[in-house]
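Below is one structure, written out as structure tokens; comments come after it.
The values are calculated or read from the model by the stated rules, or taken from the named source; none is laboratory data. Just so we're clear, the structure is a prediction, and the values are computed from it rather than from any experiment. In this analysis, Cβ positions are derived from the backbone assuming ideal geometry, glycine residues included, and neighbour counts consider all displayed protein chains. Protein only, heavy atoms only, side chains kept; ligands, DNA and RNA dropped before computing areas. Shrake-Rupley method; radii C 1.70, N 1.55, O 1.52, S 1.80 Å.
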Amino acid sequence: MSPRSARLRAVTAALVLTSCLATPASANGATATPPPPRHPSSPSPAGDCALPGRTGWTDEGHATDHTRFQRATGTRRVLMLFVDFPDARATGSTDAYAAQLAPAADWMRTASYGHTRLALTALHRWIRMPATSDSYGFRRGLTFEAHEKYVRDAITAADPYADFSRYDMVYVVPTKAASAISFSPTYLYDPGTPGVTADGTRIKWAVTFGQDLWHWGPKVADHETGHTFGLPDLYSFTGATHQYVGGWDVMGNIAGPAPQYLGWHSWKLGWTRDAQVACSAAPGRRTVRLTPVERRGGTKIAVLRTGATTAYVAESRRAEGHDAHACSRGVLIYQVNSATPTGEGPVRVMNGHPSAKPQAGCTALDLAAYTPGQHFTDPDHGVRIDVLAGDTSGDLVKLSRS
């Protein structure tokens, strides 16, 4: 089933679920086999730990289909449109709206180690949409078709004032008066349909912000733009919302205390080089010095591949910046499954402190990082990860697989 006929997942609460993507009902038919066995003392090439995508949509597979998703490196030119409606007219200037999103560019540049630049251009005028704000279906569970109509209406109304051939993607920002536009879904085009065009250009990617922009802040733009790069949602579509990764990745809890993409995502997106990945794809032991993912350089992730679509990853975390929190430090260990769909836990953090009580600004899962003297084991896969030492510069870990 194409995403044109798939329904966007509904948001159960405006301040809880922020992302919405049309998801194909069936996965692609890609198959892969585990890499060949190696001598236990031989480090594996990084490629041996890369997992194939199996969902046919946003997932943790290493290769990204760039006929559907945009590349995550270089300059991404973004046009910001500001829209109001016949039933929700804007008052005042667009300056505060542009200022709310502007920090997203700095955050993305830092998180990508300078590999990705969001060049934000604001069209500083209010664009009147042709229909009322409550007619677009944001409150009723948004379909792909309804969402595409919203994008098309915004592009058509803005076309006299902008040259869309100059941009890679569009941000559509509604007036605060439009309470019916409640949340912020990402639009990913369907190449099998005519779609939305302007100035001879296919509009392939857009983020349509809602009122939750004023709750989550500018990082909601980095979360939603991450979907255009092919990243899945790491929060849960059912049950406890942040049961899988907490605030360790912006694709999980946007307001979490460890603002960064996981090292696995950084590798998938091309920000971390193969030479910065310590791969163990065969039985054996290996000691690795990890440099915090928040900083440039060094070995960023240690990967123990456990199956055709599964692996454990260890990375050093030293949450930094004005919105960081001391609870998010240590060795983060998580399981990746590239066959698990978005919103169902394709990444699951292992909790090194399961009895820890939440602190101010941190949930129990935000305290999950392992510290020197601790270890993680998975007897079913013969996996053991020991944290040997740690200081301000990073962590030393020993990887074992029998």
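Per-structure values
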read-out: Options His115, His124: the member that is in contact (Cβ under 8 Å) with a residue 60 or more places away in the chain and open to solvent by 60 Å² or more (accessible area, probe 1.4 Å); value: His115
read-out: Candidates Arg109, Arg139, filtered to the one that is closer than 16 Å to Thr208 by Cα and open to solvent by 10 Å² or more (accessible area, probe 1.4 Å); value: Arg139
read-out: Top-ranked residue of the stretch 157-177 - restricted to ones that are under 19 Å from Asp212 (Cα atoms) and in a loop (DSSP other than H, G, I, E, B), ranked as most open to solvent (accessible area, probe 1.4 Å); value: Lys176
read-out: Qualifying positions in the stretch 54-73 - among the charged types (D, E, K, R) and either over 17 Å from Val207 (Cα atoms) or buried (at least 21 other Cβ atoms within 10 Å of the Cβ) (or both); value: Arg54, Asp59, Glu60, Asp65
read-out: Condition broken by Trp264, with the remaining ones in (1) touching a strand residue (DSSP E or B) at 6+ places or on another chain (Cβ under 6 Å); (2) more than 23 Å from Asp168 (Cβ to Cβ); (3) outside any helix (DSSP H, G or I) satisfied; value: (3)
read-out: Long-range neighbours under 8 Å by Cβ, at least six apart or interchain, first residue touching a residue at least 40 places away in the same chain (Cβ under 8 Å) and more than 21 Å from Glu224 (Cα to Cα) within the stretch 84-106, second among the acidic types (Asp, Glu) and in a strand (DSSP E or B); value: Ala90/Asp84
read-out: Of all residues making up the stretch 339-379, the number that are open to solvent by 70 Å² or more (accessible area, probe 1.4 Å), at pLDDT below 85 and either in a strand (DSSP E or B) or of a type in the set (A, V, I, L, M, F, W, C) (or both); value: 2
read-out: Tally, over the stretch 172-181, of residues that are within 13 Å of Tyr150 (Cβ to Cβ) and either out of contact with any Lys or Arg (no Cβ under 7 Å at 6 or more places or on another chain) or at pLDDT below 95 (or both); value: 5
read-out: Single match in Ala180, Ala206, Ala154 (criterion: surrounded by fewer than 24 Cβ atoms within 10 Å (Cβ to Cβ) and either in contact with a strand residue (DSSP E or B) (Cβ under 8 Å, 6 or more places away or on another chain) or part of a strand (DSSP E or B) (or both)); value: Ala180
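Listed here are the residues, each with its yes/no results for (1) free of Cβ contacts under 8 Å to residues at least 12 places away in the same chain; (2) surrounded by fewer than 24 Cβ atoms within 10 Å (Cβ to Cβ); (3) in contact with a Pro (Cβ under 7 Å, 6 or more places away or on another chain).
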{"site": "Ala221", "(1), (2), (3)": "no, no, no"}
{"site": "Gly239", "(1), (2), (3)": "yes, yes, no"}
{"site": "Gly247", "(1), (2), (3)": "no, no, yes"}
{"site": "Ala255", "(1), (2), (3)": "no, yes, no"}
